[in-house]
Amino acid sequence: MSKKYLSDLEVCAVERLSPRHMLIKLTHSEPLPDILPGQFVEVRVENSPETFLRRPISVNYVDRELNQLWLLVAEVGSGTRHLAELKPGECLDCLYPLGNGFTLPSAADAPVLLIGGGVGTAPLLFLGKQLQDRSIHPVFLLGGRSAGDILEVELFRQLGDVFFTTEDGSLGERGFVTDHSLLQKNTFSHIYCCGPKPMMMAVARYANSRGIDCEVSLENKMACGLGACLCCVEKTVEGNLRVCEDGPVFNVKKLLWK
């Protein structure tokens, strides 16, 4: 179990990436602790009377040189609207790093595929960097309803090959990620996936049908982030497991998905 920290992290920048997405860059006076791709942060939202609980947000990236932790946030409710109003120099109360991250292969005999849908692409940027640092070639397949839903494209391109699907055909191939021709033409050693559950279930079926090792990052609703409240439980072959503590990353062989 990794050590958890409760810290007031200073806001370096809040960058608007789309009409409903912002990138929050945080730092600390001390070096950030070890953080794994796939782990998450529980943030406390100040000055929001409707927001009683912390909000779980995936770690988007960790910049060791600048000692920065990035959070990619979709503005969907009162809590995230207040986060969008943060200003440089203000502080954000964070409990981190939480959960278990992706399993990184020591080597790969074929490219590794990272599939993300919507804001579910967030943890894949840091994962891609970790793979690149291990001389493992990442291939990204990013999907969204339209081109405006696909974020941080240039950063992904710095790490590996990037392919797209959009439901309206405005970027890449039209359709869902599992419709992309890439999946029929290439062989992959591992697949990592995060996004809407129906998308992840379709990716899991694809991986299972081809005998490809596959991990997914679940986004079940969480309250405490520490495994105490049991509101994020997922049924698995090992019984009911807490997504916040036993996940959020699971090998699909553990999940009771069909």
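Would you pick out the residues in the stretch 192-214 that are closer than 13 Å to residue 142 by Cα and outside any helix (DSSP H, G or I)?
192, 193, 194, 195, 196
(1) at positive phi; (2) surrounded by 21 or more Cβ atoms within 10 Å (Cβ to Cβ); (3) polar (S, T, N, Q): which one isn't true of residue 47, the others all being true?
The single condition residue 47 does not satisfy is (2).
Considering (1) among the small types (Gly, Ala, Ser); (2) crowded, with 20+ Cβ neighbours inside 10 Å; (3) under 30 Å from residue 55 (Cβ atoms), say which one residue 172 fails and leave the rest.
(3)
Check residue 224 against each of (1) of a type in the set (A, V, I, L, M, F, W, C); (2) closer than 30 Å to residue 94 by Cβ; (3) surrounded by fewer than 17 Cβ atoms within 10 Å (Cβ to Cβ) and name the one condition it does not meet.
Only one criterion is unmet by residue 224, namely (3).
Given (1) surrounded by 23 or more Cβ atoms within 10 Å (Cβ to Cβ); (2) touching a residue at least 40 places away in the same chain (Cβ under 8 Å); (3) on the phi < 0 side of the Ramachandran plot, where does residue 216 come up short, assuming only one miss?
(2)
Looking only at the stretch 136-159, filter to residues that are touching a residue at least 12 places away in the same chain (Cβ under 8 Å) and over 17 Å from the mean Cα position of the chain (by Cα); which one of those is nearest to residue 21 (Cα to Cα)?
If we take residues in the stretch 136-159 being touching a residue at least 12 places away in the same chain (Cβ under 8 Å) and over 17 Å from the mean Cα position of the chain (by Cα), then 148 is nearest to residue 21 (Cα to Cα).
Among 23, 66, 32, which is the only one that is modelled with pLDDT of 95 or more and part of a strand (DSSP E or B)?
Criteria check complete, one pass: 23.
The values are calculated or read from the model by the stated rules, or taken from the named source; none is laboratory data. These figures come from a predicted structure and were not determined experimentally. Neighbour counts run over all protein chains shown; Cβ positions are idealised from the backbone, glycine included.
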